[in-house]
1. Just one of (1) under 17 Å from the mean Cα position of the chain (by Cα); (2) in a helix (DSSP H, G or I); (3) more than 25 Å from A109 (Cβ to Cβ) trips up F75, so point out which.
2. So which residues in region 52-85 are at pLDDT below 85 and loosely packed, with under 14 Cβ neighbours inside 10 Å?
3. Looking at the structure I just gave you, is F153 in contact with a Cys (Cβ under 9 Å, 6 or more places away or on another chain) and in a helix (DSSP H, G or I)?
4. Let me spell it out: the conditions are (1) at pLDDT 85 or above; (2) in a helix (DSSP H, G or I); (3) farther than 21 Å from T140 by Cα, and G89 meets all of them except one. Which number is the exception?
5. Only one of (1) among the small types (G, A, S); (2) farther than 30 Å from A45 by Cβ; (3) surrounded by 13 or more Cβ atoms within 10 Å (Cβ to Cβ) is not met by A117, so which one is it?
6. Give the number of residues within region 92-120 that are under 29 Å from L155 (Cβ atoms) and either assigned to a helix (DSSP H, G or I) or at pLDDT 85 or above (or both).
7. Mind checking which residues of region 22-52 are part of a loop (DSSP other than H, G, I, E, B) and either under 26 Å from T128 (Cα atoms) or of a type in the set (V, I, T) (or both)?
8. What are the residues in region 86-106 that are farther than 19 Å from P34 by Cβ and surrounded by fewer than 13 Cβ atoms within 10 Å (Cβ to Cβ), if any?
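The values are calculated or read from the model by the stated rules, or taken from the named source; none is laboratory data. Small disclaimer: the values here were computed from a predicted structure and weren't measured. All Cβ positions, glycine included, derive from the backbone under ideal geometry; neighbour counts span all protein chains shown.
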Amino acid sequence: MFSKLYNKCLKLASHKSANLYLSIVSFAESSFFPIPPDLMIVPMAIAKNENYLKIFLNATIFSVLGGLFGYLIGFAFVDLGMNVVEFYGYEEKVNNLKLSLSQGSGMYAWLGILFLAGFTPLPFKVFTITSGLIGFNIFTFIMTCLIARSLRFFLV
């Protein structure tokens, strides 16, 4: 199943509406989709070298918006958010994190984890949903996602 999605994303990168598809993939990957937008960014940047900044900004903005949607899933739809977290095997870690944050510790640890998740190939959606589940500060969440995703996509 994932190989079909992978190949479809690569094909979309050369489509005339590639920027629209990149927006959709970037948004979806941050909240529920398993394939990262990097698969489209690299071929698009090579094919449209002069538009690299536009490609980078597009991926970053829609990834952060998708992250906000993931946050909303965790915050407003706790059961749905926990189903996604359980699927990736992080239920116990999320419960431990909630406990440490409620006791006043763990905020800086979560900030670092969220940054790493946004910057590396970790399943970012798990961390955006978890941020909503634990009620992480929304402003800090947005700024962390913006910095991490900007660095990731710019360095791709």
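1. Tallying (1) under 17 Å from the mean Cα position of the chain (by Cα); (2) in a helix (DSSP H, G or I); (3) more than 25 Å from A109 (Cβ to Cβ), F75 fails exactly one: (3).
2. Correct list: V78, D79, L80, N83.
3. Values: in contact with a Cys (Cβ under 9 Å, 6 or more places away or on another chain): no; in a helix (DSSP H, G or I): yes.
So F153 fails the test.
4. Unmet condition: (2).
5. That leaves (2) as the condition not met.
6. Our first condition is that a residue be under 29 Å from L155 (Cβ atoms); within region 92-120, this holds for 93-94, 97, 106-120.
Of the ones still in play, those that are also either assigned to a helix (DSSP H, G or I) or at pLDDT 85 or above (or both) are 93-94, 97, 107-120.
Count: 17.
7. At the first step, the residues of region 22-52 found to be part of a loop (DSSP other than H, G, I, E, B) are 30-37, 48.
Selection gives S30, S31, F32, F33, P34, I35, P36, P37.
8. E92, N96, L99, S102, Q103, G104, S105
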